[in-house]
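Contents: one structure, followed by commentary.
The values are calculated or read from the model by the stated rules, or taken from the named source; none is laboratory data. Keep in mind it's a predicted model, so treat the numbers as computed, not measured. Counting neighbours? That spans all protein chains shown, and the Cβs are built from the backbone with ideal geometry, glycine included. When the accessible area is computed, the model is the full protein with side chains, heavy atoms only, and any ligands, DNA or RNA have been set aside. Shrake-Rupley method; radii C 1.70, N 1.55, O 1.52, S 1.80 Å.
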Amino acid sequence: MDVYGAASTSTTTILFLFRSKVLRYCSWLRRQPNHPPSSSFSPSTAIKLLLAHSIVLTPHHSFLLSSWNSLLSAFSAHSSLLPFVLLSFSSLATSPLRPDEFSFAISLSASAKLNHLLFGTLLHSSLFKSGFHSSRFCQASLIHMYAKCGSLSLARSIFDHHHHLDTVSCTALISAYVRAGFPTHALQLFDKMLKAGSFPDQVALVTVINAYIHLGMLHHACRLFQHMPSPNVVAWNVMISAHAKTGHFSDALAFFRQMTKSGVKSSRSTLGSVLSAIAGLAALDDGLLVHAHAIKQGFDSNIYVGSSLINMYGKCQMLDAAKRVFDAISHKNRVVWNAMLGVYAHGGYFNNVMELFFTMTRCGIDLDEFAYTSILSSCACSRYIEIGRQLHSAIIKTRFAINLFVNNALVDMYAKAGALKEARRQFELMKNRDNVSWNAIIVGYVKEEEERDAFNMFQRMILHGVVPDEVSMASILSACGSVKVLETGLQFHCLSVKLGLETNLFAGSSLIDMYSKCGAIEDAREIYSSMPEWSVVSMNALIAGYALNDTKEAINLLHEMQVLGLKPSEITFASLIDACKGSPKVILGMQIHCAVLKRGLLHGSEFLGTSLLVMYMDSERIADANILFSEFSNLKSTVLWTALISGHAQNDCSDEALNLYREMRDNNILPDQATFVTVLRACALLSSLQDGKAIHALIFHTSFDLDELTSSALVDMYAKCGDVKSAVQVFEELGIKKTVISWNSMIVGFAKNGYAESALKVFDEMTQSRIKPDDVTFLGMLTACSHAGWVFEGRRIFDVMVNCYGIEPRVDHYACMVDLFGRWGFLKEAEELIDKLDVEPNAMVWSNLLGACRIHGDDKRGQRAAKNLIELEPQNSSPYVLLSNMYASTGHWDEAKSLRRAMIQKDIQKMPGCSWIAVGQKTTSFVAGDNTSHPNSDEISQALKHLTALMKDNRFQEDRISQVDQT
């Protein structure tokens, strides 16, 4: 400071030294990314010194004013120092000096950045008094200030009073209109500017391009860009970003390539935008080139570019590469963490999401709405639903409890995990909802096959004024297809037309799927033909529809898909494979199997593997299914094991099904609901109570006893094994019985075991619980009545089924009624019922009548029943044997012998009687007349001879009688 106070120093020297110090300070400020909180030469000190010198050295006005402007400019370059711009101007205004247009312009710019309308208005007033209001430079600054502060009317007023449409003023107002969300006004002003002959600069052109983009007029933006002379990096960035954000990924990549050829150096924004486009295309090769470009420019560890690289590698399924980029970023902010979380979440790597989440927590990273969304989406996996609930509790304590995105993620998590009550509760608690909120709950209901609730929520959404989008329309159309309500689907189709969504790829594909599932395949084809473009999804929907009835057309569509350059997916082949079940079409299925192998789609695919296993099993090609299973690399898959076990069970290989289940458990693979249901059915068929009890123990330990379907299978198993007490216990312990299946299991179980009263009691409880009985329910009730001899009750139940519940009787129901009438001597009524049938009586109907005729000795009706039964099943020995026994019991020996001779002539063999016993884990069967096939037949024969000798021994009989008397 001595140099400033030296009396001997000349005024010129003082001014020179002072200005040099101010300029050095201003230069130093511009070089600092962040101004330090304390400095020996602080902003306040600079202002005070400059003010003091302005008072002392007033005659040197222009020299000092340039120093003021330099200081104002330096302060305005730092967001943290913007308030000092206003303080500096105020100090300048109180000094003997007079601010010039540059002082006003810089100060107005600072007011705009600070959104300080009051100070800007004061500057406007001072500007007017100073006579600078006609300055083009100041007018542009005023327009910019008012526009930034939200006073567009004042900005336009100043512009309209501006006599010259200069580029700066026009650009300022055009930018203001674009920022404020009025792109149309911006374009109108641009047209006015062009008509006035004012040539726009690059800033104005970029601003107008932004306006076109905001209006969705991408073509106009491209045309204007093409007329730009030597566009700068900002212009290129706008074009690349616009195309990337609107899904035109290939065009965005093409713009980047043109920019590189033009020699324009990329910025961080450029690389981030083009990487986003590459991620959308999953174009790994291009991504690797851009990554190399980023490394060359030193942007690879930049937070914005790094997060874009992570996202790109994630979309290209290169998780290791994404993780390497993540690890290489030394200073990670939440954007980087969220990018890595998003990659894991979208890829379905739930364990990685949880691991990263716990690491974030340990590192003290505060979660934001994006992090919560990714983590909650992973918690939708049933394994992590409890963590999701804990996270929900933590969210309630934070500011994110009312955040729309987080609440949507919570609803989505509970819905996807099947916890619909919690999802609905969270949905109802939300004060604000958007389309995503409604979509989450509707999709959840459709996924869990709660179509009625889905329809109700969709109707409620419309009543709340929320316009359905492609997601909600696709979901509700899927619900229509699932329950096959074509009329309702037609109404939703009309709504989709009204909303302009019928040609949308997503909603259009769902329309095709809905019509296909409802059997209206021609309507599905018409929708497909009207779509402007086709995707794999839309073609898959049509292929699945044709595969059910017209396999040839489905194959033609597969060829058409390949001609269009679309790549068939797993779903494409699975739909075709499902149509190839049964012997006639299995050869075609084997050809499709070869095509799947050729494309490498079977490796690690549970979906296709299961479809192929089911196809072979349904075609009774068990050996082929076993070979296919042995070739799978993923033998830890519960789904594949279940498919194999189920296939053996349905092909009457229940013993092998149980052995496969044991092998599965030996490999430490836990069964799921489908496995338990399948293997319990095998136990029921084998009457293997011991195996069933062992499986029940595992069901209890794995908490599947709370599952209604599994418990229903348990009830059925115990009932068919004769352990009615255990069946009742399982049924009563089942807390939730919301489906008819569990009730049917108990009713049929009681009926088969002769507990008619108990069956009727359960039926009454079922109707009181508002569970609607189905055809299986009434079949069980009729069986119970037949076994108990309740002819009148059976008639009543049959009438209730038809008249009250509107259930069309199947042949099974009529067969049961014939058994009910015939078993208890009402043979005339049984025959009359058969004669009145609208459907052709099957073998079971005639067999029941024949059995009743044998019991009651009705030869005439018995002959009629036997004749029809023989016509239906010529090789079945049952009608011959029954009718022969009937003749023998009434003394008609000639007729009996005649039937026996007919059997011999037609080579009809009577199936021998069979019994079995379970010892340990092995079930052994014994066939009547077979004395040699059992491995221990000699020992068994000796034991039987010994027992026969004992029974013939009178002493043995007398001893047994005396023992009985004593007891």
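Brief remarks follow.
- For the range 197-295, Kirkwood radius (reciprocal of mean inverse C-alpha pair distance, Å): 13.6
- Per the Kirkwood formula applied to alpha carbons, the range 283-416 shows a radius of gyration over Rh ratio, Rg over Rh, of 1.01.
- 0 to 90° range, to nearest 10: angle between helix 435-447 axis and the chain longest Cα axis: 10
- Hydrodynamic radius by Kirkwood, which averages 1/r over all alpha carbon pairs of the range 263-357, in angstrom: 13.0
- Cα convex hull of the range 353-443, projected area averaged across orientations, nm²: 5.4
- Cut-off of 10 Å, at most 15 other beta carbons, DSSP loop: longest stretch of the chain lacking such chymotrypsin sites (Phe, Trp or Tyr not before Pro): 42-804
- Cα shape, the range 448-508, gyration tensor, a/c 1.5 rule: oblate
- Global form of the range 677-767, assessed from the alpha-carbon gyration tensor, a/c cut-off 1.5: oblate
- Table column - 3J(HN,Hα) (Hz), the range 287-301, Karplus curve with 6.51, -1.76, 1.60, x for Gly and Pro: x, 5, 5, 5, 4, 4, 4, 5, 4, 4, 8, x, 9, 5, 9
- Loop-located GluC sites (Glu not before Pro) in the range 495-593 (DSSP state other than H, G, I, E, B) with a sparse environment of at most 11 neighbouring Cβ atoms within 10 Å: Glu533.
- In the range 759-856, the GluC sites (Glu not before Pro) that fall in loop regions by DSSP, at most 13 other Cβ within 10 Å: none
- Nearest-ten-degree value, helix 536-549 long axis tilted from longest Cα axis of the chain: 20
- For the range 804-873: rounded, prolate or oblate by the Cα gyration tensor [a/c cutoff 1.5]: oblate
- By the Stokes-Einstein formula, at 1.306 mPa s and 10 °C, the range 616-656 with its Kirkwood radius over alpha-carbon pairs has D equal to 154 µm²/s.
- Compared with the dominant principal axis of the Cα atoms in the chain, helix 451-463 is inclined by about 30°.
- Averaged per residue, the chain has 51 square angstrom of accessible surface, using a 1.4 angstrom probe with ligands and nucleic acids left out.
- Its relative contact order, with pairs defined as Cα atoms under 8 Å and 6+ residues apart, puts the chain at 3 percent.
- Long pairs among Lys113/Lys192; Lys484/Lys567; Lys738/Lys772; Lys761/Lys828, criterion Cα-Cα beyond 20 Å: Lys113/Lys192; Lys484/Lys567; Lys761/Lys828
- For the range 561-656, the relative contact order is 25 percent, taking Cα pairs closer than 8 Å that sit 6 or more residues apart in sequence and dividing their mean separation by the residue count.
- Largest first, the extents of the alpha carbon coordinates of the range 588-692 on the three principal axes equal 45, 27, 19 Å.
- Carbon + sulfur, % of accessible area of the chain - ligands and nucleic acids excluded, 1.4 Å: 54
- When +1 charges are put on Lys and Arg Cβ atoms and -1 charges on Asp and Glu Cβ atoms, the dipole computed for the chain relative to its Cα centre reaches about 4780 debye.
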